[in-house]
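Visitor: Just passing along the structure, written as structure tokens.
Please treat every number below as a calculation from the coordinates, not as lab data. Quick caveat: nothing in here was measured; it's all calculated off a predicted structure. No Cβ is skipped: glycine too gets one built from the backbone with ideal geometry, and neighbour counts run over all protein chains shown.
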Amino acid sequence: MDEQRISDILNKFRSGELSEADTVSQLKKMPYEELGFAKIDHHRAVRQGFPEVVFCQGKTTPQVVEIVKRLAVHNKNILATRAGRDVYEEVKKIVPEALYSEAARLIYLYQDKKPVNEDKFVLVMTAGTSDIPVAEEAALTAEVMGNRVVRVFDVGVAGIHRLLAQHDLIMQANVIIVVAGMEGALASVVGGMADKPIIAVPTSVGYGANFHGLSALLCMLNSCAAGVAVVNIDNGFGAGRLASIINQLGD
């Protein structure tokens with residue numbers, strides 16, 4: 001439910017295509033739709049510019065299928081995060097337009113491709129190849145939300161010459177997402193190179209003392225580089241969403 005959808009409903013009522021009862025019925029669903037196990041926020045796109053995103057982990061497959069089905073009635077672009085292929089296969093039976101990214105574990109609909117400002121792009125960087133799943137979640141989130149995204153993977157500090165070779169690209173980016181596990185040092189290094197907002201994403205990649213991403217999280221929070229913001233461990237979606245908001249400011 002976005003502003004255009006509301007206008008369509010009101011115009012149909014004005015022209016007589018919708019009765020008063022039908023109009024009231026459709027507008028009643030605008031704040032949220034009650035499913036018993038979930039209350040779908042159909043008003044999210046009006047308030048925030050993008051529909052409610054489904055976090056699939058912890059939900060049953062039938063619950064995910066029903067939520068996505070109801071969202072698809074009102075929205076052309078949808079994201080469902082932390083989804084396995086088995087969940088996607090069930091969703092696709094009900095919503096044939098649904099797509100899936102194995103790397104990002106994302107189910108998504110991307111039917112409304114609005115014009116993208118090619119001059120402003122989000123740069124997504126990873127320290128290692130093992131960080132790519134979280135980075136892809138961030139990158140695909142930003143793309144579906146209407147942004148140009150450039151990916152640069154495996155440029156961690158263990159081979160810092162690989163990072164330095166990306167200097168021109170770093171300086172051209174409008175927003176930079178840095179995804180790193182282990183000790184998470186890449187965010188600080190990029191933060192010291194760039195004059196752009198840095199969104200640091202700690203990942204749970206690492207050996208025992210990494211504490212499933214806690215060491216990377218603390219390192220990023222304690223960065224001495226200014227302009228580095230940090231999201232939760234493995235939260236690629238959160239980084240992609242924030243990068244999208246920043247990248248589209250002023251558009």
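Visitor: Give, as a single signed number, the net charge of other residues whose beta carbon lies under 15 Å from the beta carbon of GLY184, with Lys and Arg counted +1 and Asp and Glu -1.
Guide: Numbers: positive: none; negative: ASP131, GLU183, ASP234.
Its environment carries a net charge of -3.
Visitor: Using DSSP to define loop residues, name the chymotrypsin sites (Phe, Trp or Tyr not before Pro) in the range 196-251 whose beta-carbon has at most 10 other beta-carbon atoms within 10 Å.
Guide: Sparse-neighbourhood loop chymotrypsin sites (Phe, Trp or Tyr not before Pro): TYR207.
Visitor: I need THR126, THR23, THR60, THR81 ordered by Cβ neighbour count within 10 Å, fewest first.
Guide: By the 10 Å Cβ count, ascending: THR60, THR23, THR81, THR126.
Visitor: May I ask you to sort ILE107, ILE245, ILE94 by Cβ crowding, counting other Cβ atoms within 10 Å and putting the fewest first?
Guide: ILE94, ILE245, ILE107
Visitor: Same structure, new question: When only C-alpha pairs under 8 Å and at least 6 residues apart count, what is the relative contact order of the chain, in percent?
Guide: Rounded, it is 13 percent for the chain.
Visitor: So which GluC sites (Glu not before Pro) in the range 52-108 are both in a DSSP loop and have at most 14 other Cβ atoms within 10 Å of their Cβ?
Guide: GLU97, GLU102
Visitor: Let me ask something additional. Pop the C-beta distance of LYS114 and ARG162 into the FRET formula with R0 = 30 Å and round what comes out to the nearest 0.05. Let's see the in-between values first.
Guide: Numbers: r = 34 Å, r/R0 = 1.14.
The value I calculate is 0.30.
Visitor: Follow-up question, since we're still on this one. What residues of the range 214-233 lie in the reach of a label at SER130, counting those whose backbone N is under 11 Å from a point 7 Å from the Cα along Cα→Cβ?
Guide: Flagged as within label range: none.
Visitor: Let me ask something else. Over the range 31-110, what relative contact order in percent results from Cα pairs under 8 Å that are six or more residues apart?
Guide: 24
Visitor: For the modelled label position 7 Å from the Cα of GLN4 along Cα-to-Cβ, which residues of the range 67-83 have backbone nitrogen atoms closer than 18 Å?
Guide: 71-79
Visitor: In a Debye calculation with equal point scatterers on the alpha-carbon sites of the chain and no solvent, what is log10 I(q)/I(0) at q = 0.07, 0.08 Å⁻¹?
Guide: Reported log10 I(q)/I(0), two decimals: -0.28, -0.36.
Visitor: May I ask you to list the lysines whose Cα is less than 29 Å away from that of LYS76, ignoring any residue fewer than eight positions away on the same chain?
Guide: Within the straight-line cut-off, LYS76 pairs with LYS12, LYS28, LYS29, LYS39, LYS59, LYS92, LYS93, LYS113, LYS114, LYS120.
Visitor: Another question about this same structure. Taking the Cβ of ILE233 as the center, what net charge do the other residues with Cβ under 15 Å away carry, scoring Lys and Arg +1 and Asp and Glu -1? Walk me through the numbers before you get to the answer.
Guide: Numbers: positive: ARG82; negative: ASP131, GLU137, GLU183, ASP234.
Counting the neighbours of ILE233, the net charge comes to -3.
Visitor: Still on this structure, please answer the following. What does the charge count around PRO202 come to, taking other residues whose C-beta lies under 15 Å from its C-beta (Lys +1, Arg +1, Asp -1, Glu -1)? Don't jump to the answer; show the numbers that get you there.
Guide: Working: positive: none; negative: ASP131, GLU137, GLU183, ASP234.
Local charge sum for PRO202: -4.
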